[in-house]
Amino acid sequence: RKIKVEKAAELMCVFPFVVKAFEMEIIPAERIVAQIGGTLILTCNTTGCASPSFSWRTQMDSPLGGKVSNHRTYSTLTMNPVGIVNSHSYLCTVICERGKKEKSVKVELYSFPSDPIIEISPSLVAGEPAPVICRIPDVYPSHHLEVLLKKDEHVLHEKDFLDDDSTNTETKIVTYTFHPVAGDAGKEITCVARLPIADMDFEPKERTSSQKLNVNFGPQNTVITASPGNSPMEGDSLNLTCVTQSNPPAQIVWSKYLAEESIQHLIKNNVLFIPRVHFNDSGRYICEVINLVTNKTEEATVDIIIQGAPVITKLTVEPSTTVQEGENVSIQCSAESNPPPKIILRRKSDNADIGTSSARSIFLPSVMFQNGGDYECVAENKYGNSKSEITLNVKYGPKNTIITVFPAALKEGETVTMKCTSSGNPAPVISWKKKKANGESEKISTNATITIQNLKNQDLGLYECEAYNQFGKEEKAVELYVQGLLEEPDQMIPLIIAFSSVAAVAVPAVAILIYVSRQAKINGSYSLVKALRLKV
C-alpha cells in the first residue's frame, strides 16, 4: 500500500491536477417569452463544483408555479402548464464549498393560441341587417389586441382593446352589424386578429379566419324575352323565357290574362313554349317569380300579338240554317287576325254584299223564300284571305202555281195536255181533280201532267190542280167549255176553250162557269190567248 501512495504522489508531481472555476448559468438565458398554457423548463447549470446545492425563488418571493428537480450538476424548474402566476423574474442560487452564485431570468407571458371564430348566419337576406361576431379565444395581454373585419379586401370594422385591463386570458368579442346586398353572395367575411407586442419574439402575431357569405336575395331584375319576337306569324313557334336574379333560385309560374281580368295559369317553368301559335294565343303573359326564402315575389309581363291571314271563327245562321218563310233570320260571320280583317258577307247567287264588318250579325226580318241559298263569308287583310260558306234553307208553301194547256186552240177529237207547275220548299206534291155534274170533285191524277186523248164532249168541265206541302197548299183551275162554232162551208164544228181560275190556299176552290154567247168567224185556228182576254 505504501508503494501505491508513493507512486500516486510521483504521478501528481509529473501531471499537476487542473481545478475548474466555479460557474453557473440558466438556460434559456435572459428574457424568456412563454405562451400561457404551454410548457416551460428552466435549467440552472453549474461547473467547478463537486456537490452544488440549488434553490429557486422569484424576486418577489411569490410561489414558483412550477416543479423543481435537482440533479448532481444542474436543477430544473418545470412550469406545465404555464400560467399567469409564472410572469416573474426567476432567481437560481447555487451554493458550493467554493462559494455562492446567483442568476436570474425574466419570464414574460402571452396567449394567442388559436384563430378567430366567426359567427354569421348561414342564410342572410339581402337588405336585412345581420350581426357578424368574431371571437378571439384566450388572449393575453388583451390591451395589445387589434381586430379587423373585412369583406374581401374592404375593411368593414376595426377595434382595439387599449383600455382593457384584464389580468388573465380572456376571449374577446367583436360584433358588427352587417347589411348584405345581392352582390355579396359568394364573397368572404374575414376576421383579422393581431397581437403586436414589442420586443416579444413569438409567432404568429396575426391570425385570421374567413367565412363565405350566402346571401339570399331577390327575385329582382325579372325580364321576359320572346323568340322570334312579340309579333310572330300565325303557325310559328314561340318561346317565352323568364330570367330573374334570385338566391336561392326562384320558383317561376306562367299565366295569361283572360277576359274580365281573369287569369289562366299555365306552367311552372322558366320557358313557356308554344309549338304553333294561333290568334287566340295573343294576349298579355305574366311571369311571376317567387323566392320561398326571402318570401318576395316579382312579376314581368309581355304582350304577344299574333299576326297572319284571317281565320274565320264563326259563320252561323240563327235560329237555324233551315227556317220557315216569315221568320226573323240572323246571319253571323266573324274572323280573327292581325291586322283586323275586312269581312264581306254575301249571297253567292247575286254576289250582293249584305254587310261589311269586323264581327256583326246580319238581320233578315221576315225572311222570304228568295233569301234562301248559299252565303259566303270572305275575310281578308294584307296577309291573305279566308272564305267559308253556309246554306240558308227557307221552307215555304206552294207559290206561283201555273196551269198550261197545249195546244192553245182545241178541237174535238184532238189530244189535250194540261201541266201544273208550282214552286215551294219542300217541292209541292201535285194532284188533279175534275168537277163532276153533282158538284163533287173526283181525283183523277197525282201527276203534274195529264193528257186527254181524243177530246170529247164529256171531257169538258172544270179541272183543278192542287199543289201541297207541309207548309200550305195552293189551288188553280182550268175549265174546258164550248165558246162558239166555227163556220165551215159544209158543217158546224164545236170550238172548245180552256179558261183558268185560281183559288188561294185558304179559300175553297170555286168553279166559275162562264158562258160566252158570242159567235166568231175565224179564218184558221182559234187562239186561247184571245179567249182569255174576253171580259166576264
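Rg and Dmax of region 186-243, based on Cα coordinates, read 27.2, 85 Å. Taking 29 Å as the straight-line reach from the Cα of LYS443, the lysines in range (excluding those fewer than 8 positions away in the same chain) are LYS395, LYS399, LYS411, LYS419, LYS433, LYS434, LYS435, LYS456, LYS473, LYS476. At full extension, GLN59 and GLU102 could sit 14.3 nm farther apart than now, given 0.36 nm per residue minus the alpha carbon distance. A dipole drawn for region 117-213 from +1 and -1 charges on Cβ atoms has a positive end, and of HIS157, HIS179, THR208 the residue lying farthest that way is HIS179. Once the 1.4 Å probe is applied to the protein heavy atoms, region 117-213 comes out at 53 Å² accessible per residue. Students often forget the sequence filter, so: which lysines lie under 16 Å Cα-Cα from LYS187 once same-chain residues fewer than 8 apart are removed? Filter leaves LYS150, LYS151, LYS212.
With the biggest extent put first, the Cα atoms of region 23-110 measure 39, 21, 20 Å across the principal axes. Within the straight-line cut-off of under 25 Å between alpha carbons, the lysines reachable from LYS20 are LYS7, LYS100, LYS101, LYS103, sequence neighbours fewer than 8 places apart in one chain being disregarded.
Accessible surface calculations at 1.4 Å, restricted to protein heavy atoms, place region 23-110 at 52 Å² per residue.
Accessible surface of region 83-139, 1.4 Å probe: 52 percent of it comes from carbon and sulfur atoms. Whole-percent P(r), region 274-406, all Cα pairs, 5 Å bins from 0: 2, 9, 15, 14, 12, 10, 8, 7, 6, 5, 4, 3, 2, 1, 1, 0, 0, 0, 0, 0, 0. Can you work out ³J(HN,Hα) from phi for every residue in region 207-213, in order, using Karplus 6.51 cos²θ - 1.76 cosθ + 1.60 and θ = phi - 60°, giving whole Hz and x for Gly and Pro? Working through the residues one at a time gives 10, 9, 9, 10, 9, 6, 8 Hz. Charges were assigned to the Cβ only: +1 to each Lys and Arg, -1 to each Asp and Glu. The resulting dipole of region 117-213 about its Cα centre is roughly 420 debye. For the pair LYS268 and VAL33, label points projected 7 Å from Cα toward Cβ lie 6.2 nm apart.
Based on protein heavy atoms only, region 308-395 ends up with 50 Å² per residue of surface accessible to a 1.4 Å probe. For the pair region 276-294 / region 154-229, the C-alpha centres are spaced 41 Å from each other. Rolling a 1.4 Å probe over the protein heavy atoms of region 289-328, with every protein chain left in place, gives an accessible area that is 44 percent carbon and sulfur. Where Lys and Arg each count +1 and Asp and Glu each count -1, what net charge lies around ILE290 among other residues with Cβ under 12 Å from its Cβ? Summing Lys and Arg as +1 and Asp and Glu as -1 gives -1.
Averaging the sequence gap over all C-alpha pairs within less than 8 Å and six or more residues apart, then dividing by the number of residues, gives region 23-110 a relative contact order of 39 percent.
The values are calculated or read from the model by the stated rules, or taken from the named source; none is laboratory data. Only a predicted model underlies this, so the values are computations on that prediction, with no experimental measurement involved. Every residue, glycine among them, receives a Cβ derived from its backbone with ideal geometry; neighbour counts consider all protein chains shown. Surface areas here come from the heavy atoms of the whole protein model, side chains and all, with no ligands, DNA or RNA. Shrake-Rupley method; radii C 1.70, N 1.55, O 1.52, S 1.80 Å.
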